[in-house]
Ligand SMILES: NC(=O)c1ccc[n+]([C@@H]2O[C@H](COP(=O)([O-])OP(=O)(O)OC[C@H]3O[C@@H](n4cnc5c(N)ncnc54)[C@H](OP(=O)(O)O)[C@@H]3O)[C@@H](O)[C@H]2O)c1
């Protein structure tokens with residue numbers, strides 16, 4: 001089969017398709033015929049530097065998520081040909097992932113889907129909507145009356161969060177560093193656009209003098225404390241992303257660094273479950289939600305797909321259709 005194998009950390013021009021054997025089925029693992037997959041920042045990090053980490057063994061087929069059909073059910077409850085999604089659990093990191101024609105995944109990370117999205121659209125959903133849903137619906141306990149800031153609003157996860165928030169009637173302020181993306185964010189459902197240029201606080205307080213009560217922090221540790229300062233009393237900030245490439249806070253002193261009476265949460269997509277996946281698709285169906293897709297590539301165009309993600313101009317999920 002064709003697969004994108006990471007032999008060593010590399011530049012995107014060095015990302016190639018190889019011929020490898022179709023994985024052999026083993027108990028507890030399911031073989032999926034991959035139909036499409038979305039690209040993720042973590043795959044970009046694997047390619048650039050994480051592949052050198054002590055907990056990663058190369059060569060490794062990249063890819064932390066996919067959508068497709070069951071090719072071999074192994075000892076699972078699935079049936080051959082069933083439409084499924086698969087994500088996380090070490091996919092593309094501790095075992096071979098989804099940048100391939102077939103992928104072998106532990107059955108606990110494979111979930112049935114009962115809907116009629118085209119493969120490209122379905123491919124844009126698993127990791128992105130699981131992350132956005134877990135962040136806003138669970139960690140931030142989003143309500144219609146909330147004022148939500150999505151910091152990093154043009155990211156695929158940010159766009160999904162804006163869409164979910166809009167679907168329940170929440171007011172959304174979405175940030176970008178780029179003035180040219182203002183109209184795009186308004187079209188995607190943001191009520192207000194914030195330009196993240198050092199004056200974010202003034203922009204927020206000029207609209208809502210008491211601040212927002214929910215913030216989805218996708219830029220990460222580099223802007224977290226600034227975001228916490230934009231919260232009203234008893235507001236919550238949920239850290240989900242590291243777009244700013246900083247995952248940790250230096251010398252964090254919670255008593256002094258966090259405003260009194262605000263809550264700090266974090267979201268990790270490591271433990272997806274069938275019931276949450278079902279909730280997400282039910283909600284998307286009920287509200288007729290469709291993911292923002294940037295562009296669809298073939299597997300042979302994987303370098304161009306990574307280049308688009310790296311360029312920060314994608315404005316939606318970058319998809320590979322097999
Ligand atoms: N916690 C979890 O389990 C989990 C799961 C999935 C994803 N994530 C994280 O969520 C974040 C979003 O992922 P994604 O795949 O949706 O991203 P994406 O679509 O690739 O994000 C692209 C956007 O990132 C923004 N960006 C890039 N560098 C930035 C910087 N230094 N500062 C501020 N903004 C920057 C750009 O916005 P502008 O140019 O418009 O400003 C660009 O439009 C990533 O950090 C990813 O690792 C976390």
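Name the shape class, rounded, prolate or oblate, that the alpha-carbon gyration tensor gives for segment 269-322, where a ≥ b ≥ c are the square roots of its eigenvalues, rounded holds for a/c under 1.5, and otherwise prolate holds if a/b is larger than b/c and oblate otherwise.
Note, shape of segment 269-322 comes out prolate.
Roughly how large, in nm² to one decimal, is the mean projection of the convex hull of the alpha-carbon atoms in segment 1-118?
With the hull built on Cα positions only, its mean projection is 7.2 nm².
Could you give the nm distance between label points at residue 7 and residue 177, where each point is 7 Å from its Cα heading toward the beta carbon?
In this crude label model, residue 7 to residue 177 measures out at 3.4 nm.
Hey, if you drop one equal point scatterer on each alpha-carbon of segment 64-107 and run the Debye formula without solvent, what base-10 log of I(q)/I(0) do you get at q = 0.29 Å⁻¹?
-1.13
Among 162, 149, 195, which one shows the highest mean-square fluctuation when the chain is modelled as a Gaussian network with alpha-carbon springs under 10 Å?
Residue with maximal mean-square fluctuation among 162, 149, 195: 195.
By how many nm would the segment from residue 22 to residue 141 grow when fully extended, if each residue of separation counts as 0.36 nm and the alpha-carbon distance is taken off?
Extra length available between residue 22 and residue 141 comes to 38.6 nm.
Tell me the label-point distance for the pair residue 80, residue 270, using the 7 Å Cα-to-Cβ offset, in nm and rounded to one decimal.
3.7
Determine the distance separating the Cα centre of segment 8-30 from the Cα centre of segment 51-80; give it in Å without decimals.
Answer, in whole Å: 9.
What are the equivalent ellipsoid semi-axes of segment 170-221, built from the alpha-carbon gyration tensor (square roots of five times its eigenvalues), in whole angstrom, biggest first?
16, 13, 12
Evaluate Rg over Rh across segment 129-266, taking Cα atoms for both radii and Kirkwood's formula for Rh.
Here the Rg-to-Rh quotient is 0.93.
Using a Gaussian network for the chain with springs between C-alpha atoms less than 10 Å apart, which of these wobbles most: 153, 303, 123?
Most flexible of the set in this elastic network: 303.
To test your reading of the geometry: what angle, between 0 and 90 degrees and rounded to tens, separates the Cα axis of helix 156-167 from the longest principal axis of the chain?
That works out to roughly 60 degrees.
Give me the mean projected area, in nm² to one decimal, of the convex hull enclosing the Cα positions of segment 42-180.
10.8
Out of 288, 40, 96, any idea which swings most in a Gaussian network model of the chain, alpha carbons joined below 10 Å?
288
If we restrict to alpha carbons, what Rg and Dmax does the chain come to, in Å?
For the chain, the Cα radius of gyration and maximum Cα-Cα distance read 19.7, 60 Å.
Read-outs throughout are calculated quantities, based only on the coordinates presented, and are distinct from any laboratory measurement. Bear in mind the structure is a predicted one, so any value in this text is a computation, not a measurement. Here Cβ is always computed from backbone atoms with ideal geometry, including for glycine, and neighbour counts include all displayed protein chains.
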